[in-house]
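Read-outs throughout are calculated quantities, based only on the coordinates presented, and are distinct from any laboratory measurement. Please read all numbers here as calculations on a predicted model, not as lab measurements. Cβ: placed from backbone, ideal geometry, glycine included. Neighbour counts: every protein chain shown.
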Amino acid sequence: MSADCIFCKIAAGQIPSNSVYEDEDVIAFHDIRPLAKIHFLIVPKTHIETLNDCTAAHEALLGKMMVLAPTLAAGLGLTGYKTVMNVGREGGQEVFHIHLHVFGGGAISG
């Protein structure tokens with residue numbers, strides 16, 4: 001856990017979120033600034049700043065995030081959706097803790 005990371009604080013229960021799912025490895029919650037009718041994030045509880053910091057040791061965690069996305073999307077009524085992982089400032093990453101965006105339910109704004 002990184003003491004100044006908002007996603008670490010959400011994962012630790014220190015900051016409330018509109019949770020979609022949680023287990024020992026990840027938490028998923030609705031984005032506070034949604035860009036689509038349905039916009040949630042899948043966030044690992046392990047603090048990893050960017051996808052560039054991932055190694056082979058993170059394969060199972062990254063795979064879990066990707067496999068979880070369609071299950072959660074279906075649970076929210078989505079039959080189609082878009083997934084995005086922004087990497088680094090130039091890639092649009094705002095919170096430096098990896099997270100997978102899942103967008104659906106209509107056009108994406110922004």
Discussion item. Restricting to the range 77-86, give me the number of residues that are closer than 20 Å to I10 by Cβ and either surrounded by fewer than 16 Cβ atoms within 10 Å (Cβ to Cβ) or in contact (Cβ under 8 Å) with a residue 40 or more places away in the chain (or both).
Written reply: 2
Worksheet, complete the sentence: Restricted to the range 54-108 and to residues being aliphatic (A, V, I, L, M) and in a loop (DSSP other than H, G, I, E, B), the residue nearest to I6 (Cα to Cα) is V95
Practice prompt. Return yes or no: is A74 surrounded by fewer than 18 Cβ atoms within 10 Å (Cβ to Cβ), among the small types (G, A, S) and without any contact (Cβ under 8 Å) to a residue 60 or more places away in the chain?
Written response: yes
Item to complete: Please tell me if K64 is farther than 18 Å from K9 by Cα, touching a Phe, Trp or Tyr at 6+ places or on another chain (Cβ under 9 Å), surrounded by fewer than 17 Cβ atoms within 10 Å (Cβ to Cβ) and among the charged types (D, E, K, R).
Response: no
Worksheet item: Checking S19 against (1) touching a Phe, Trp or Tyr at 6+ places or on another chain (Cβ under 7 Å); (2) without any contact (Cβ under 8 Å) to a residue 24 or more places away in the chain; (3) crowded, with 16+ Cβ neighbours inside 10 Å; (4) over 19 Å from I108 (Cβ atoms), which test does it fail?
Response: (3)
